[in-house]
There are 2 protein chains.
Amino acid sequence: MVYIGIDLGGTSVKVGLVDENGKILAKESCPTLVERGAEPVINDMANLSLKVIEKAGYTLDDVKAIGIGLPGIQDPRTGRVPFCTNLRWFDVDVIGVMKKIIDKPIFIGNDATVAGLAESVAGVSAGVSHSVFLTLGTGVGGGVVIDGKVWSGVNGVGSELGHMITVLDGEECTCGNKGCWERYASATAIIRMGRAAAKDHPECAIYKEVNGDLDLVTAKTVIDAAKAGDEIAVKVFDNYVYHLCAGLVNIINFMDPEVIVLGGGVSHAGQFLLDAIRAKLPSMIFYKTMPYARIELAVLGNDAGIIGAAMLGK
Amino acid sequence: MVYIGIDLGGTSVKVGLVDENGKILAKESCPTLVERGAEPVINDMANLSLKVIEKAGYTLDDVKAIGIGLPGIQDPRTGRVPFCTNLRWFDVDVIGVMKKIIDKPIFIGNDATVAGLAESVAGVSAGVSHSVFLTLGTGVGGGVVIDGKVWSGVNGVGSELGHMITVLDGEECTCGNKGCWERYASATAIIRMGRAAAKDHPECAIYKEVNGDLDLVTAKTVIDAAKAGDEIAVKVFDNYVYHLCAGLVNIINFMDPEVIVLGGGVSHAGQFLLDAIRAKLPSMIFYKTMPYARIELAVLGNDAGIIGAAMLGK
């Protein structure tokens, strides 16, 4: 049997036909065009599904299920999507609309969650039963895999790891609380901390790299300057890693998974990031002499969304 | 079949014979006498087990398994107990010693974890598959139940919920980190905050209750003064509840369980505590319009340790 995996984002809809080992057999995509509203987007998702089946030389009978990863959640009581904020979708019957075109079992998961599932099927955590996946991007997304299955909680509101509070009364978060982890562990946080440091230290490499135009500072600017050994950038990066480790410790002290996988923009810092985490984390671990989760970098990149969505139906 | 449940603490060893519904059929106890070292204590555990079987009119053949709840963890690789700090046990082969006297399957769990299991079998969360139990005492202990089974993690170091960091760089914790949740959500935290407030406000009810001897302030002193409406005590209690809710939000945003059960000394504040949590928590929840975990008080009290330990073998 084969599986359809759909990676629905604010920019594009990506659809793939995937085998049971997580290998993509064919893929197609189209722009999302959010302003169209939900139904035309869902129709495109269905039609691209039919297209990839044909492209790979299969028929609808070969397809066991369809999985959709989206920047929102599914309400387990109704099967509907109550929120998909980036797409401006509220209470959308994604499955109902889709089934008018393709009548197959349809599963829905959060985008970070399905990316985590992908890594646990065909990526760096392949074969691992219990893992946590993190996207370190604009925010921090979380994917929790328990016993090889995605864990979205009893009400579908779990695995929002970026909204663990690690600095109560700290930076204001979009969620209304103050001090959520993602305010300190996202790419956005590196940028904020990098800009503040560069403003105070015009002699630093971050400031020089953007010729004083601090709006141009990206996470990469800060990380590259830290890699090059710039003292101020190293301080910013070390502080970022400290905050990142606080949340990793929380994950370990709560769930004690086998692997924690880092994805998203910041993970492109690669070995430099891993080395810094692996140097800092041991001092913060509760049971100092016991083994704890391996920290690894995601390997599937952009295909994780398609693969993980497809694996929802496995 | 029936089960032996052993609640091993720093003060006493309590042993019960328990049926499959979590009902205690007979119980016995003896002082732990920590200074004896591990082996005599384990021998007492085994002998009391034989005694409760006889007392309840059963034979060893009726016993399916023995469960032990202790203030430490089990290493899942070796089956041994690497730490049981209050008892000054390090790397003890509890199962090996016990089996010399009773050759039955033996399971070991953390004391907070088994108390959570007890509540999910025979207490307030009975019949609930996914729950979190918290002991709000000297520290904050955590018990995670997933799919009706205790979750101690891949390496046995999970469910240490009191050591989630909620106030990074905050109060120093015994674990070496700063700002662990238990520094703000335990009975110890109420006492610390109550003493500090009373020192600054000798006109408050907390100060008056102890005639200015702040060493006498307990969590109950503060909570009773808050219940009576004393302005300073209410402020301390509200701040405590705020910190408690920060950790509850983290649990909800991570695991999204069906129920979170509050046990331990602070939970004796009862409905007053529940009302305060239920008033504060909704404003801190991420998905404001979705259902989330019920917050409930533990009901099993001192028997939870025996019942939960017994249920480890079910």
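The values are calculated or read from the model by the stated rules, or taken from the named source; none is laboratory data. Since the structure is predicted, the reported quantities are computational estimates derived from the model, not experimental observations. Neighbour counts are summed over all protein chains in view; Cβ atoms, including those assigned to glycine, are modelled from backbone coordinates with ideal geometry. Calculation scope for accessible area: heavy atoms of the full protein, side chains included, ligands and nucleic acids excluded. Shrake-Rupley method; radii C 1.70, N 1.55, O 1.52, S 1.80 Å.
If we scan region B:219-239, do we find a residue that is surrounded by 24 or more Cβ atoms within 10 Å (Cβ to Cβ), part of a helix (DSSP H, G or I), of a type outside the set (D, E, K, R) and within 14 Å of chain A (Cβ to nearest Cβ)? No - not one qualifying residue is present in region B:219-239. The number of residues in region B:61-101 that are over 25 Å from B:GLU35 (Cα atoms) and more than 14 Å from chain A (Cβ to nearest Cβ) comes to 5.
For a quick check of your reading of the model, give me the residue pairs whose first member lies in region B:188-206 and is surrounded by 19 or more Cβ atoms within 10 Å (Cβ to Cβ), whose second is of a type in the set (Ser, Thr, Tyr), with beta-carbon atoms closer than 6 Å and at least 6 apart or on different chains. Sorted first by the residue in region B:188-206, then by its partner, the pairs are B:THR188/B:THR138; B:ILE190/B:TYR240; B:ALA198/B:TYR207; B:ILE206/B:THR221. Please determine whether any residue of region A:177-198 is in a strand (DSSP E or B) and not small (Gly, Ala, Ser). So far as region A:177-198 goes, yes, one or more of its residues are in a strand (DSSP E or B) and not small (Gly, Ala, Ser).
In summary, strands (runs of 3 or more DSSP E) completely within region B:102-156 and bearing 1 or more residues that are away from chain A (no Cβ under 13 Å) and open to solvent by 20 Å² or more (accessible area, probe 1.4 Å) occur at B:106-110, B:131-136. Out of A:ASP44, A:ASP75, which single residue is acidic (Asp, Glu) and assigned to a helix (DSSP H, G or I)? Step by step, each of A:ASP44, A:ASP75 is checked, and only A:ASP44 is acidic (Asp, Glu) and assigned to a helix (DSSP H, G or I).
May I ask you to list the residues in region A:56-80 that are closer than 27 Å to A:ALA112 by Cα and open to solvent by 70 Å² or more (accessible area, probe 1.4 Å)? Passing the criteria: A:LYS64, A:PRO76, A:ARG77, A:THR78, A:ARG80. A:LEU244 meets each of the listed conditions (1) within 14 Å of another protein chain (Cβ to nearest Cβ); (2) aliphatic (A, V, I, L, M); (3) in contact with an Asp or Glu (Cβ under 9 Å, 6 or more places away or on another chain); (4) in a helix (DSSP H, G or I) apart from (3).
Look at A:GLU209 and say whether it is over 19 Å from the mean Cα position of the chain (by Cα) and under 25 Å from A:ALA112 (Cα atoms). For A:GLU209, the condition - over 19 Å from the mean Cα position of the chain (by Cα) and under 25 Å from A:ALA112 (Cα atoms) - is not met. Of all the numbered requirements in (1) out of contact with any helix residue (DSSP H, G or I) (no Cβ under 8 Å at 6 or more places or on another chain); (2) among the polar types (S, T, N, Q); (3) under 16 Å from A:ALA246 (Cα atoms), A:ASN155 misses one, and that requirement is (3). Among the residues of region A:159-175, those that are β-branched (Val, Ile, Thr) and within 8 Å of chain B (Cβ to nearest Cβ) comprise A:ILE165, A:THR166, A:VAL167. When region A:207-243 is limited to residues that are in contact (Cβ under 8 Å) with a residue 24 or more places away in the chain and of a type in the set (Ser, Thr, Tyr), the one that is farthest from A:ALA276 (Cα to Cα) turns out to be A:THR218.
Within region A:272-301, the set of residues being touching a strand residue (DSSP E or B) at 6+ places or on another chain (Cβ under 8 Å), open to solvent by 20 Å² or more (accessible area, probe 1.4 Å) and more than 17 Å from A:SER131 (Cβ to Cβ) comprises A:ARG278, A:TYR287, A:THR289.
Of all residues in region A:32-41, those being in contact with a helix residue (DSSP H, G or I) (Cβ under 9 Å, 6 or more places away or on another chain) and either of a type in the set (A, V, I, L, M) or not in a helix (DSSP H, G or I) (or both) number 5. On the stretch given as region A:158-173, residues that are in a loop (DSSP other than H, G, I, E, B), closer than 23 Å to A:VAL114 by Cα and not aliphatic (A, V, I, L, M) total 3.
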